[in-house]
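The values are calculated or read from the model by the stated rules, or taken from the named source; none is laboratory data. These figures come from a predicted structure and were not determined experimentally. Counting neighbours? That spans all protein chains shown, and the Cβs are built from the backbone with ideal geometry, glycine included.
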Amino acid sequence: MTTFMSEEVRAGLALARARAARKSSRLRVVIEDHIVPILKFSESAFEVDQLNTPKLRGLVDIYDGSRHLYQALIVASSEEGDRMVYEFKRMTATADGPALDYDRPDDAPIALLPKGAA
């Protein structure tokens, strides 16, 4: 048995898949005022929808929802259909706390108690 789908049906299915991928992904790229959902992410590259996305280049921030994950330097790599692939030149994980510029002693206090709390 053979199945034949018209070109309109195929285009509609591809559009529905792209919409579902955009909605299901929490990862996003932020560059200046633009927020772009990431459709596919790996250690060396990521893909975004090419149709509704401005050309990205340079330093970007990558978020998972509202949590800042990475700061990355990117370049455009290739086009795959309606998706644009960007490769990382550098990707640095963001830290939750401030950087420690000195060696912390093992017996250093973890927290300070207010006066009169003892």
Taking the range 38-81 and keeping only residues that are surrounded by 13 or more Cβ atoms within 10 Å (Cβ to Cβ) and in a loop (DSSP other than H, G, I, E, B), one is left with 50, 53, 56
Go through the range 38-74 and count every residue that is touching an Asp or Glu at 6+ places or on another chain (Cβ under 8 Å) and of a type in the set (D, E, K, R).
-> 3
Tell me, please, whether a residue that is modelled with pLDDT of 90 or more, small (Gly, Ala, Ser), outside any loop (DSSP other than H, G, I, E, B) and surrounded by 12 or more Cβ atoms within 10 Å (Cβ to Cβ) can be found in the range 13-23.
-> no
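Among the residues of the range 26-37 satisfying the criterion of being of a type in the set (Val, Ile, Thr) and modelled with pLDDT under 90, which is surrounded by the fewest Cβ atoms within 10 Å (Cβ to Cβ)?
In the first step, residues of the range 26-37 are kept if they are of a type in the set (Val, Ile, Thr); the result is 29-31, 35-36.
Remaining after also requiring modelled with pLDDT under 90: 30-31, 35-36.
On the way: 30: 13, 31: 15, 35: 11, 36: 21.
Only one residue tops the list, namely 35.
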Kindly indicate the residue of the range 38-61 that is at pLDDT 85 or above and among the β-branched types (Val, Ile, Thr) and also farthest from residue 19 (Cα to Cα) among those meeting that condition.
-> 60
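Taking the range 82-107, which residues are in a loop (DSSP other than H, G, I, E, B) and either in contact (Cβ under 8 Å) with a residue 24 or more places away in the chain or over 37 Å from the mean Cα position of the chain (by Cα) (or both)? So that I can check it myself, show each step before the final result.
Taking the range 82-107 first, the residues in a loop (DSSP other than H, G, I, E, B) are 82, 94-107.
Result: 82, 94, 107.
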Write out, first by first residue and then by second, each pair whose Cβ atoms fall under 6 Å of each other, whose residues are 6+ apart or on separate chains, and whose first residue, in the range 40-58, is in contact (Cβ under 8 Å) with a residue 24 or more places away in the chain while the second is in a loop (DSSP other than H, G, I, E, B).
-> 50/82; 51/82
